[in-house]
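Working notes, beginning with the structure itself.
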Amino acid sequence: MSTVQPSGVGQSQHPLLQHDYQGLCWWCGSTADSREHRHKKADVVRSFGSGPWPDPVVRVRGGSSYEERIQGPNSDKLKFAKVLCANCNNARSQPFDLAYDAFASFLHQNAESVVKTGGFQFSRIYGKNWRDERRALAKYFTKSICCRLAEDRVRVPQSLIHYMDGSLRDLPSLTLEMNVNMAKYELGVHMRDAHGDGDGSLWLGDHRIIYDQQGDPVGTLSHLGFDWFNLDYQFMFTRRRGRANFFAGDSVRLERFWPDGFSAGDVARACQDCNSTST
């Protein structure tokens, strides 16, 4: 049985979680001179506009204890540290970025039907090449996760690098699960219908450590997403085979969940603008 450490990965002093890339790209080993966006720039622009933003967007770090105000989508506050080289971050991974752009655009344009039916088909997004594009999408998520591992001083295993290169076909080390955060979906619908506010949301969850019964770290976990779409992931240090709930076929079923403490109708009931009383 494993347990999850609530503190951040960066706070650990365990040797497995203190790998220093010394300014080199985690993918190819060249000088790391490029910064990958934590959230795809197209997602940022779609949610908040091309900038500069007259009302700065707030990035919340460490729960709600620390806030950073951001002026536009090119802000360094929206990027990982320099853990990739420019070639890997741009030309080498361009097919992955394009696959993700098509995926995110489809979910944004078809949010109501996807959430209502609890799923989608890759062939509707990518056409006849959906199998190759689905794998490219998985590599986009893998690239983002590896950037976070490297930034938090966790060694990226060689098996994941082989997967990114294409020399290893099956996803190793990572468990990826797409799902629908119903609280965020309800919030988006409420803000749009009740207040005419179309702004979206983007997030990265806390990066936490998984320990075994002996107290040794065996992996890390977190989540990421936009609007209502959520991707949970686990990275296990010694796991040879990974798993993704979107690799079963063309049709993908998405679990719809309410975070702890939330249920249908909570967003409207909690909205201060809707429930304020004039004096």
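Just so it is clear, none of the values below were taken in a lab; they were calculated from the coordinates. Given the structure is predicted, the values throughout are model-derived calculations rather than measurements. With ideal geometry, Cβ positions are generated from the backbone for all residues, glycine too; neighbour counts draw on all protein chains shown.
Quick look at the values:
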read-out: Helix 130-151 vs. the chain, principal-axis angle (Cα, 0 to 90°, nearest 10); value: 80
read-out: Two-site FRET efficiency, residue 193 against residue 45, from Cβ-Cβ distance with R₀ of 30 Å, rounded to 0.05; value: 0.85
read-out: Relative contact order [Cα under 8 Å, 6+ residues apart], the chain, whole percent; value: 23
read-out: Fewest-first sequence of 192, 155, 46 by Cβ atoms within 10 Å of each Cβ; value: 192, 155, 46
read-out: Exposure proxy ranking, count of Cβ atoms within 10 Å, fewest first, for 76, 152, 212; value: 76, 212, 152
read-out: Residue-averaged [θ]222 nm for the chain, counting only DSSP H segments that reach four residues, each worth -39500 (n - 2.57); value: -9500 deg cm²/dmol
read-out: Neighbour-count order for 30, 167, fewest beta carbons within 10 angstrom listed first; value: 167, 30
read-out: Only Lys, Arg (+1) and Asp, Glu (-1) charged, at Cβ; segment 63-173 dipole about Cα centre in debye; value: 240
read-out: Stokes-Einstein D for segment 217-279, Kirkwood Rh over Cα pairs, 20 °C, 1.002 mPa s (µm²/s); value: 136
